[in-house]
Amino acid sequence: MKRKRTIFIELTSLLDVILIMIFVLLMQARTQTAQAMDKAEQEQQNAREISREMAELQKSKTALEEELQQQEQEITRLEEEAEGLRRRLNSRELVLENSLVLTLSITEGAAIRLEKSPEGEDVIPYDWENDNYAYNRLRSLLSGYLEEAGERSVFIIFQYDREGIYKSEYDMILRAVQEVKLAARQREIPLSFIEMDVQE
């Protein structure tokens, strides 16, 4: 008869190995859990950051939309203003085409300058001792331009600096203009005289 052999297994060592393996697995699980939690927290932080950025972008978008609306309103206002200026400019050009504009002024040497719009200039020397030449020349030039005007309206503009003109010269110019105004009235030519002190 054969004898049965009994095999003794040392459970303590096996139990130690199993416990070590369980410990290692638990540590790995704990590490992975911590990593997953860190990752989730990082993702939450990223999501919060993205939300903040989105909110800021939304604010910026709203501000830009408001600014754009204001710019569009400003553009509309400027276009309307430009259209008004264009109309006034067309009216002014139409008036100038049908008018003769003469501008009287005094040069630095006390000579009299007569400018015809849009081109042409006459300079009349002024003699303090005898202003007859200046008076006759100015009256002659103004009368000649009045003849050229035909049916157009005539505007005579006298620009002067009250501190840079002598009374005798001022009075002489006004005398010549008054004579020309009288001649224009007699011939039914519309003439307007505008006197302007550049210091005012």
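If you take the residues of segment 79-106 that are outside any loop (DSSP other than H, G, I, E, B) and polar (S, T, N, Q), which of them is nearest to N132 (Cα to Cα)? Among those that are outside any loop (DSSP other than H, G, I, E, B) and polar (S, T, N, Q), it is S105.
Select from segment 148-175 the residues that are in a strand (DSSP E or B) and not hydroxyl-bearing (S, T, Y) and write down the one among them that is farthest from M196 (Cα to Cα). By that ranking, first place goes to V154. On the given criteria, is R175 within 28 Å of V95 (Cα to Cα) and of a type in the set (D, E, K, R)? In short, yes.
The condition of being at pLDDT 85 or above and open to solvent by 40 Å² or more (accessible area, probe 1.4 Å) holds for R175. Residues of segment 107-147 that are in contact with a helix residue (DSSP H, G or I) (Cβ under 8 Å, 6 or more places away or on another chain) and in a loop (DSSP other than H, G, I, E, B): A110, S117, P118, P125, Y126, D127, W128, D131.
Within segment 129-143, residues that are open to solvent by 70 Å² or more (accessible area, probe 1.4 Å) reach partners that are part of a helix (DSSP H, G or I) and at pLDDT 85 or above with beta carbons closer than 7 Å, at six or more positions or on different chains, in the pairs R139/A176; R139/E179; R139/V180. Taking segment 86-142 as the range and being aromatic (F, W, Y) and closer than 21 Å to V198 by Cβ as the test, only Y126 passes. Exactly one residue among E163, E151 is farther than 17 Å from S105 by Cα, out of contact with any His (no Cβ under 9 Å at 6 or more places or on another chain) and either among the polar types (S, T, N, Q) or at pLDDT below 85 (or both), and that residue is E151. Kindly check whether there is at least one residue in segment 109-124 that is over 44 Å from the mean Cα position of the chain (by Cα) and buried (at least 18 other Cβ atoms within 10 Å of the Cβ). No.
The values are calculated or read from the model by the stated rules, or taken from the named source; none is laboratory data. The shown structure was predicted, so the numbers you read here are calculated from the model rather than taken from an experiment. So basically every Cβ, Gly included, is an ideal-geometry build from the backbone, and we count neighbours across all protein chains shown. Ligands, DNA and RNA are excluded from the accessible area calculation, which covers all protein heavy atoms including side chains. Shrake-Rupley method; radii C 1.70, N 1.55, O 1.52, S 1.80 Å.
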